[in-house]
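Student: Structure incoming, see below.
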Amino acid sequence: MNDSSDVRDEEFIRLDGVEKVFDVRRRTGFLRREKHQVRAVDSISFRVARGEMVGYIGPNGAGKSTTIKMLTGILTPSGGRLRVAGIDPSRERTRLAQRIGVVFGQRTTLWWDLPLIDSYRLMHRMYRIPDARYRANLDRCIELLDMSELLEVPVRQLSLGQRMRGDIAAALLHDPDVLYLDEPTIGLDVVSKAKVREFLRELNAERGTTVLLTTHDLTDIEQLCRRVMVIDHGRLMYDGALSGLHEVGESERTLVVDLERELPPIDLGPSARVVRVEGPRQWLAFPASESAAPLVARVAADYPLVDLSVREPDIEAVIANMYASGGDLLQPQAGNS
Amino acid sequence: MGQGRLYAAVAVSGFRRHATYRVATAAGVFTNTVFGFVLAYTYIALWDERPGLGGYDQAQALTYVWLCQGLHATVAAMGRGMEVELIGRIRTGDIAVDLYRPADLQTWWLAGDVGRAVFHLLGRGFVPMAFGALLFDLAVPSDPLTWLAFLVAVALGVVVSFAIRYLVALSAFWLMDGAGAAQMSALAGIFFSGLLLPLNVFPGALGEIARALPWSALLQMPADVFLGERTGVGLLETYAFQGAWAVALLAAGRLVQSAATRRVVVQGG
Amino acid sequence: MGEVAAGADERRTDGVGPVTDGIRGQAGSRLMDGLRAYRMIAAMWIRSTMAYRASFAMTVVTDFAVTALDFAAILLMFSQVDVLGGYTLPEVALLYGTAGISLGLADLALGSIEQLGLRVRDGTLDTLLVRPAPVLAQIAADRFALRRLGRLTQGLLVLGYALVVLDIAWTPLKVLLIPLMVLSGAAIFAAVFVAGAAFQFFAQDAAEVQSSFTYGGNTLLRYPPTVFSKDLVRGVTFVMPLAFVNWLPALYVLGRPYPLDLPQWLAFASPLVAAVCCALAGAAWRVGLRSYRSTGS
């Protein structure tokens with residue numbers, strides 16, 4: 001539906017030199033306090049096109065949440081220009097609220113003591129969702145997120161994974177154009193994670209919902225986003241494809257191999273190197289951009305293999321590698337259109 | 001000996017936990033001072049009308065007001081102390097963890113509550129009292145021994161208060177609504193501790209009963225000691241009264257505790 | 001989906017700021033939005049409370065008992081004296097009842113707002129900010145508790161007792177003054193609740209400060225002004241205008257002399273004072289919320 005060459009669709013979310021400066025007071029003595037400024041977000045510019053699914057990652061305290069809070073109208077930027085669907089979030093918070101859905105992984109937007117369905121009924125009326133639309137959206141969420149058993153359960157009795165599904169459904173009942181997800185898979189078990197990812201993929205494909213996702217789990221990004229932005233110390237460090245990030249960050253994945261017995265370090269030539277040996281278990285590092293399959297095949301062929309698993313590089317390691325490799329990491333996609 | 005050190009550490013952590021809420025403490029002091037003002041004027045009106053009411057002169061009555069405002073947090077006359085947390089742990093089943101700890105449950109919670117009480121005495125006790133002394137003529141004792149005797153009475157009051165609240169909290173093992181019981185107990189505390197009106201102003205049989213109930217050990221008795229109404233044998237009688245309630249209620253707490261423990265063990269939580 | 005929403009109006013606003021459809025129109029529609037959201041959220045909580053009728057009945061009774069204790073203390077005082085500050089028990093009961101009803105109404109409508117500091121601290125205030133309804137309405141209606149009817153009922157009973165026992169030379173003005181006083185008083189207390197919540201944007205643990213003005217104010221207003229020092233009466237008349245909650249109108253009803261030689265027409269000034277208080281509290285709330293949105297804490 002968005003194949004028209006509308007320029008605005010190309011910059012559905014648009015940030016130009018957005019800044020957020022906090023005054024922080026630190027207690028330096030019994031009564032003395034020192035005031036200094038922290039730039040949580042330091043002149044960030046980017047565009048997100050309608051229907052894009054973008055990962056927004058960075059270490060703790062990098063400015064991710066502050067950016068999301070500015071994009072949802074919770075926080076007012078200290079400088080720069082910011083538009084979401086043409087709306088200035090801080091000035092027209094409630095109008096924007098009709099167009100966006102927000103999921104905070106760490107805290108629920110649902111009413112804690114009430115059955116899930118009561119929260120949905122309230123959303124229905126608060127967002128003035130037409131009845132037919134509400135029912136269709138709710139039915140769809142119930143089906144895809146497997147929630148039919150949960151509707152009458154008070155939110156506080158839901159497991160983390162159930163609650164997250166409930167929260168995602170709540171954020172989508174009013175057909176938002178943009179969905180912000182702040183750590184949507186944090187603390188979830190593997191099955192719940194998979195379910196959530198599958199749902200988001202479908203949502204994006206079918207409805208063209210624009211999704212901005214912050215996460216600690218690179219697998220989320222890998223499975224959902226073609227584009228990833230990395231923020232650190234309030235600055236955009238990288239904006240481009242995930243594969244590019246691995247190249248720039250020279251990040252490595254780890255193959256954890258359990259052998260039948262203690263053996264000398266596995267030798268697979270230059271494609272992987274053993275970084276740790278602990279009894280029969282060995283850790284092999286290999287470039288994240290390469291497939292694990294040939295390695296696994298070789299290990300299985302040459303060694304008495306009991307079990308193995310692949311560990312993804314964590315974001316902190318990737319970013320540390322980005323710094324280590326030095327240079328100008330930021331691709332020129334951002335900030336010049 | 002090692003056990004003693006354990007409970008001392010629990011008490012210190014109870015102190016520290018409450019000491020972190022600086023703003024809340026300041027806000028509490030402010031509120032107590034405001035209520036102190038309002039009550040002080042009503043007491044002036046009351047004692048103007050009936051000088052010597054309840055055996056107090058006006059200065060004593062005013063001292064009583066400010067003393068109660070400074071002290072009611074220490075003896076948790078209005079509740080809102082450890083019992084809320086304990087009820088929560090019982091309801092969620094976390095209490096099972098506490099029961100398997102190599103420490104006595106009652107002493108453990110008592111130690112924490114003593115730490116809280118010491119903080120509230122220091123953090124919330126002096127400022128309202130100082131305000132009161134600044135603006136009204138108060139009957140503050142000059143004899144350091146009276147102060148010492150007063151502190152002993154306060155300590156006993158804290159133990160009685162704890163023993164009551166501990167019992168109330170344990171009721172959550174049997175009652176669905178432990179919070180309701182805590183609220184009822186707070187109600188009794190407010191009324192029968194003398195926080196609203198000194199118990200010696202209560203008329204007739206109601207007064208007799210109120211003065212015999214354990215809550216009178218919380219505020220009325222420490223206040224009477226402070227005001228020099230209890231000296232010599234009277235002082236010892238006061239201590240005996242407070243001590244007897246403390247022992248009786250703590251013992252009752254132990255009984256209930258062992259019944260509750262059996263229940264947890266049998267039902268597995 | 002989305003085609004409809006990406007309509008022409010939003011294009012117009014891009015870069016120009018919000019649609020300028022008149023300040024008054026916006027404020028009016030915000031008020032309507034707020035009331036609508038409040039009604040919906042409160043209704044949901046009432047429905048959910050009613051699911052547990054027995055537990056609900058018990059909490060109402062407990063709340064009633066808590067407030068009844070205050071009147072018991074006054075009865076105890078009057079068991080020892082005939083007048084307090086020159087006022088008889090029924091006269092004090094009139095003051096007690098009117099102040100209690102006003103606070104009860106304000107507490108019923110806005111009591112939940114005390115949780116603001118807590119919500120700032122645990123971050124759940126953010127979840128209210130992403131919904132299309134005014135934050136004040138959302139937080140005030142949250143956990144809407146009908147059990148607070150207990151306090152209100154008690155105030156009504158005591159006022160009823162006072163009106164039956166008192167020998168008042170009723171005039172139409174005095175009759176009119178009773179509901180006017182109670183409602184204006186409720187509005188003044190409501191303003192205190194909102195201003196206190198606004199203060200919590202800056203001091204998150206300071207919930208008790210507002211209770212010293214609401215519950216403390218209520219305690220003050222139960223007793224006649226003759227009991228208190230002139231400075232205190234001046235303070236609650238001109239600085240923190242609690243005297244307009246019930247003192248000034250009630251003294252007119254009772255035909256009692258005014259404190260501080262204040263003119264009698266002030267008995268009818270309560271609605272005006274309430275309106276000013278509400279406007280100031282609203283401004284304080286906006287300042288607080290703006291500060292939160294610029295500091296995030």
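Student: Among residues belonging to segment B:28-45 that are within 7 Å of another protein chain (Cβ to nearest Cβ) and within 20 Å of the chain's Cα centre (by Cα), point out the one that is farthest from B:ALA133 (Cα to Cα).
Tutor: Checked segment B:28-45; the qualifying residue farthest from B:ALA133 (Cα to Cα) is B:GLY28.
Student: Quick one: how many residues across segment C:44-60 are in a helix (DSSP H, G or I) and more than 9 Å from chain A (Cβ to nearest Cβ)?
Tutor: So the first thing to find is which residues in segment C:44-60 are in a helix (DSSP H, G or I), and the list is C:44-50, C:53-60.
Keeping just the survivors that are more than 9 Å from chain A (Cβ to nearest Cβ) gives C:46, C:49-50, C:53-60.
Residues that pass the stated criteria total 11.
Student: Could you please find all residues in segment C:55-71 being among the acidic types (Asp, Glu) and out of contact with any helix residue (DSSP H, G or I) (no Cβ under 7 Å at 6 or more places or on another chain)? Explain how you work it out, then say what you get.
Tutor: Residues of segment C:55-71 among the acidic types (Asp, Glu): C:63, C:70.
C:ASP70 - this is the single residue of segment C:55-71 that is among the acidic types (Asp, Glu) and out of contact with any helix residue (DSSP H, G or I) (no Cβ under 7 Å at 6 or more places or on another chain).
Student: So A:ALA194 clears everything in (1) at pLDDT below 85; (2) farther than 23 Å from A:VAL18 by Cβ except one condition, right? Which one?
Tutor: With respect to (1) at pLDDT below 85; (2) farther than 23 Å from A:VAL18 by Cβ, A:ALA194 is out only on (1).
Student: Checking C:ARG24 against (1) surrounded by 14 or more Cβ atoms within 10 Å (Cβ to Cβ); (2) at pLDDT below 80: exactly one of these is not met. Which one?
Tutor: (1)
Student: So which residues in segment A:134-192 are surrounded by fewer than 18 Cβ atoms within 10 Å (Cβ to Cβ), touching a strand residue (DSSP E or B) at 6+ places or on another chain (Cβ under 6 Å) and not in a loop (DSSP other than H, G, I, E, B), if there are any at all?
Tutor: A:PRO154 - this is the single residue of segment A:134-192 that is surrounded by fewer than 18 Cβ atoms within 10 Å (Cβ to Cβ), touching a strand residue (DSSP E or B) at 6+ places or on another chain (Cβ under 6 Å) and not in a loop (DSSP other than H, G, I, E, B).
Student: Given the criteria more than 8 Å from chain B (Cβ to nearest Cβ) and touching a strand residue (DSSP E or B) at 6+ places or on another chain (Cβ under 9 Å), does C:PRO224 qualify?
Tutor: Details: more than 8 Å from chain B (Cβ to nearest Cβ): yes; touching a strand residue (DSSP E or B) at 6+ places or on another chain (Cβ under 9 Å): yes.
Yes.
Student: Given the structure, is B:ALA73 part of a helix (DSSP H, G or I) and either out of contact with any Lys or Arg (no Cβ under 9 Å at 6 or more places or on another chain) or buried (at least 17 other Cβ atoms within 10 Å of the Cβ) (or both)?
Tutor: no
Student: Condition first: surrounded by 15 or more Cβ atoms within 10 Å (Cβ to Cβ) and without any contact (Cβ under 8 Å) to a residue 40 or more places away in the chain. Now tell me which residues in segment A:281-318 satisfy that.
Tutor: Selection gives A:ARG281, A:GLN282, A:TRP283, A:LEU284, A:ALA285, A:PHE286, A:ALA292, A:ARG298.
Student: If we scan segment C:130-142, do we find a residue that is out of contact with any Ser or Thr (no Cβ under 9 Å at 6 or more places or on another chain), more than 14 Å from chain A (Cβ to nearest Cβ) and in a helix (DSSP H, G or I)?
Tutor: No.
Student: Could I ask something else about it? Can you list the helices (runs of 4 or more DSSP H) lying wholly within segment B:166-269 that have 2 or more residues being farther than 30 Å from C:VAL60 by Cβ and touching a residue at least 60 places away in the same chain (Cβ under 8 Å)?
Tutor: Counting at least 2 such residues, we get B:220-226, B:232-267.
Student: So which helices (runs of 4 or more DSSP H) stay within segment C:173-292 end to end and still have 2 or more residues that are of a type in the set (Ser, Thr, Tyr) and touching a residue at least 40 places away in the same chain (Cβ under 8 Å)?
Tutor: Numbers: elements: C:207-221, C:230-234, C:247-254.
Result: C:207-221.
The values are calculated or read from the model by the stated rules, or taken from the named source; none is laboratory data. Computed from a predicted model, the values in this text were never measured in an experiment. Positions of Cβ are backbone-derived with ideal geometry, glycine not excepted, and every protein chain shown enters the neighbour counts.
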